[in-house]
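Read the structure below first, then the notes.
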Amino acid sequence: MARLPAAPESVRSMATRFCMWLMRRVMGRDLTPYRVAAHAPRVVPCLVATNMAFETGRWALEPGLRKLIHLRVASIIGCVF
């Protein structure tokens, strides 16, 4: 569960709504980090661009290394799963 609630649809900028539509098309659903990041509208397009750059394949990580990174980041931020 996110520590911040998702930003309501009424306060999302046009760019944020477009980026969330794009991510919904790619991923099939709204992702929680984008709904929370919508509190800072200029962050969302940067998140989308970063994710698109890392998903091209040039920057791909091995699955084992990716899992280790996810676990380390989760332990740093105190995620309990």
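The values are calculated or read from the model by the stated rules, or taken from the named source; none is laboratory data. Just so it is clear, the model here is predicted, and its values are computed rather than measured. Every residue, glycine among them, receives a Cβ derived from its backbone with ideal geometry; neighbour counts consider all protein chains shown.
Here are the numbers for this structure:
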quantity: Checking residue 56 against (1) at pLDDT below 85; (2) outside any loop (DSSP other than H, G, I, E, B), the condition it does not meet; calculated: (2)
quantity: Filter result for residue 48 (assigned to a helix (DSSP H, G or I), in contact (Cβ under 8 Å) with a residue 24 or more places away in the chain, in contact with a Ser or Thr (Cβ under 7 Å, 6 or more places away or on another chain) and not charged (D, E, K, R)); calculated: no
quantity: Subset of the stretch 1-44 [under 25 Å from residue 79 (Cα atoms) and assigned to a helix (DSSP H, G or I)]; calculated: 20, 23, 24, 27, 32, 33, 34, 35, 36, 37, 43, 44
quantity: Any chance residue 32 is among the polar types (S, T, N, Q), at pLDDT below 85 and more than 18 Å from residue 5 (Cα to Cα); calculated: no
quantity: Candidate set: the stretch 35-53, residues that are more than 12 Å from the chain's Cα centre (by Cα) and loosely packed, with under 13 Cβ neighbours inside 10 Å; chosen: the one nearest to residue 4 (Cα to Cα); calculated: 40
